Every structure is written in C-alpha cells, then in structure tokens.
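No lab work stands behind these numbers, since they all come straight from the coordinates. Source: prediction; values computed, not measured. Ideal geometry is used to build each Cβ from the backbone, glycine not excepted, and the neighbour counts take in all protein chains shown.
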RNA sequence: GUGGGUGUAGCUCAAUCGGCUAGAGUGCCAGGUUGUGGUCCUGGAGGUCAUGGGUUCGAUCCCCAUCACUCACCCCA
C-alpha cells in the first residue's frame, strides 16, 4: 500500500512525459490560433455544483464522485469533468459582460470512482473547451473543426466523427411521449434497467446493450427524425458547414450523451483500436446549463477530450514523439582540484544558457565517460591538471569519437554556436 | 456493482511432478594497471517467490481467503 499508487491512478514518468508535453503544446497553440484563452479551475468544487451541472440522474453523480466533507463541514467533490467548474467561474466572474462569445479552453485532471480497465482510470486528464454566448451552428462547426485540425496536426488518421442532435427540451418531451407509446406494449418484457428508464429517461432505452432490448427497439422512432424545425435547421446547417470544410462525419442516431444538460448537437470522436473505451473525445451543445447553474440564460458548446486515450491512439498508430534533446556536453574531472575548476566552468556555461552536466559522485574517469555516454550528450571533455595548466582541452564529439584540441577560453563560444545549428 | 485472467529481481521471463543457499537475460554499480564512452570479459548489489491462513515431515509450487494488477459488462474521457 505504502509503495503503491492508489487504484486507477498513474505516474507519468520522465521517459514518457515528452509525449504529454507534445500534445499539450499542440493543443494550446491551436486554441490560441482559434482565439480561445486558457482557464484554470479548482480541482474540487462544492458538491452541489456537480449535482446541478452534471445532472442528478447521471451515473457520474449517482455513483462515481469523490465526495468528502472538509473540516468546516462543507461537502466538496473532486471534479468529475470540467464544464461545471468553468460555468461556475463564468457566472462568478461576470463573464457575461465580456466580449461575446467567451471562448475558453483548459487542461485538467478529473476524478471518477469507477472500476478501471483499459482507457479508463480514476484520475484521468482532459483537454476541454467551452464557447459561451453563441447559439449559431457556426459555433458548433468551429469547435468540431478545431478538433479535426488537432488530430490532423498530431498525425492521427481514421478517428471517426459521429454526430447527432438530441433536440431541445420541447422536441425532446414530445419525442419521449412518442417513444413511450411505441414501447408501451413491450416494455414489460424488457430488462430491469430499461423498465426504470421508461419513466425517467426513455431515450436511454435505445442505448441498451442487452440483445433482447435491442431487438425490441430496432424499429423505434429515432429522436433525430422527430426534432423540431429549429433544431432540424440547426443540425442541417452544421452538417453543411462540415461538408464545406471537408470534414467527414457519420450521423449516429444512437448517441445520447449521458450528461443531462446537452441540447441539440452531440458528437464524439471514436477510435476502433484502443479497446472498448474508444471514445477519445465527446462533446456537444448545452444551451440550458448556464441557467440551470444560476447564471444568465446563455448558450454554450464544448467538449472533453481524454488525454490518456489520445496518447493510446497515437501509440496504436505508431506515431512517435521525438524525445527531448540530451544536454550538450559532459565535463568530467580528474581529482578534487580539477573538480573545483569544472564546477566553476559549468556554472559559467549554465549561466550562459548552455546545458552541461558534471560529476557529482566523485567517480573515476571511465565511469564518468560511461555516464556521459548514457546521457547521450553530444560532447564530452575531461579536465585534469594538464588542461588547467595549458588552458587547452580535448573536446570530444561522441558521435564519431573524434577529439579536437581547443582552448578553454573558446569553449563557451563554440558550444553556443552548436546550440544554434 | 457483476464476471474472467494474472501475481517469482527495477524490467522481460525461467525453475522446482512439493525437497538443500530460487535462476537467466536486460538494467544498475564497480573493475579489466596508473587520465577517456559504445563492443567484449569479470565481479557486485538487488527477491518477505503479492499478503494471510490451511494441508504436509517439508509449500514459491496444492487448497482457501484477502489484496493488487488486467480485460470485459455497465457507463464514459
């Protein structure tokens, strides 16, 4: 226990951190390019916020939250996703009075108490983005196009983009009536969960994986075919825009999205090669959320993108991220007197911005060379009494093993030139 | 929450049909004459054989439980 990370958590080790940096950099750059600004929100919030912002009926709220009381008796919860916190921040800081739309992005960890498996962890990481104030399908198109470009920049191919509209509260309640009617004569023979869904949220029945239930819902009406005129034209406009940009998508009438606050557009980017948890990114429009959280009526759209899954997908596609460069030079020392000189020399180089490594273990010359080799430094040099006296050293290029006799004084200049190449 | 698989060195894995100090490769550390890496050679450190019970003269091996890891269901990033 003492020496084991909690279930569902992972260390991100030095050997792999460059992959994270790469996608983080790429995402931040792209967001900036599209005019989104970064926001950082707390890891925990008042529990109430998630009840409201994620939805009482969701699995997340019902059984997956890390909730605890602090010493002041407040109920707090580790964020299970990012949107609710961002919405809270929007309201708290009066962002309604900022230039509209308000375009935000974030890079967060999130926490859900779940049984873990491939691609699903208790602590995981998300890139996310929210745009507030724009109800137009152009906003939906912008968000989706940004994602599409993100994957393109990373070299990720064949993620499929699935698209659906789940309408607005008005057309959804009309549809729910229709669906109940359609199922009324057979609901008795369906699974227990579905019977529960029948009253609460009949749409979810269509999402049931039980074979028996599936067969019985095969010919059920699809919500997409029964949305109102406004929702329909919103959806059609979005599709048209995607086509204009050459972004390929598939309409999937089955996407429901677990979170209660979604309206109209829902979408996901799905991978087929990283296991059952193939949803790399899921998002959609949530025009009712801001109001539900006590803010001004404000349309919104956003997504969450699973970073672990993104990295898994990249790995499965054989996309390598080059490891960062090794330090430029290793400077070895023979004897304690030389050690002091090397110390001073390194300090000088480091202040000049040159990356150099020296011995801190009092090792033999041979060991120091082996060490330099393992570090992969481009150059090495060894300083002893002779060098200090003559002011000249052998600068060794580790790639070809050749040494050049140079003056100690010229070292910094030479190395700085190397850095520029 | 339900079900399956797996737990031996930092890593990848052996072995003992139940029997002496549990092995290899790799990695790590150090040496291979006095001041120079990669290959090679030698040596060293490193294991409560996941944990706790049980069966047995004797368990790393058999049985049970627990825990962890892992995959799938549910659901989602």
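Points to keep in mind about this one:
- For chain A, built as a Gaussian network whose Cα springs stay under 10 Å, the top-fluctuating residue of A:172, A:79, A:248: A:248
- Our summary of shape: the Cα atoms of the stretch A:1-101 have principal axis extents of 44, 41, 27 Å, ordered from largest down, in whole angstrom.
- Cα extents of the stretch A:329-420 along the three principal axes, largest first (Å): 32, 27, 24
- Inter-label distance, nm, simple model (7 Å from Cα along the C-beta direction), residue A:7/residue A:186: 3.8
- Folded to 0 to 90 degrees: helix A:169-183 orientation relative to chain A principal axis, Cα: 70
- Crossing angle, helix A:229-245 versus chain A [Cα axis fit, 0-90 degrees, rounded to tens]: 30
- Per residue, the average separation of C-alpha pairs within less than 8 Å and at least 6 apart gives chain A a relative contact order of 15 percent.
- Between residue A:28 and residue A:68, residue separation times 0.36 nm minus the direct Cα-Cα distance comes to 11.1 nm.
- What the pair-distance distribution of chain A shows, using all Cα-Cα distances binned every 20 Å from zero, is 21, 42, 23, 12, 1 percent.
- Rg followed by Dmax, in Å, when the stretch A:226-348 is reduced to its Cα trace: 26.1, 85
- Principal-axis tilt of helix A:83-92 within chain A, Cα atoms, nearest 10 degrees: 90
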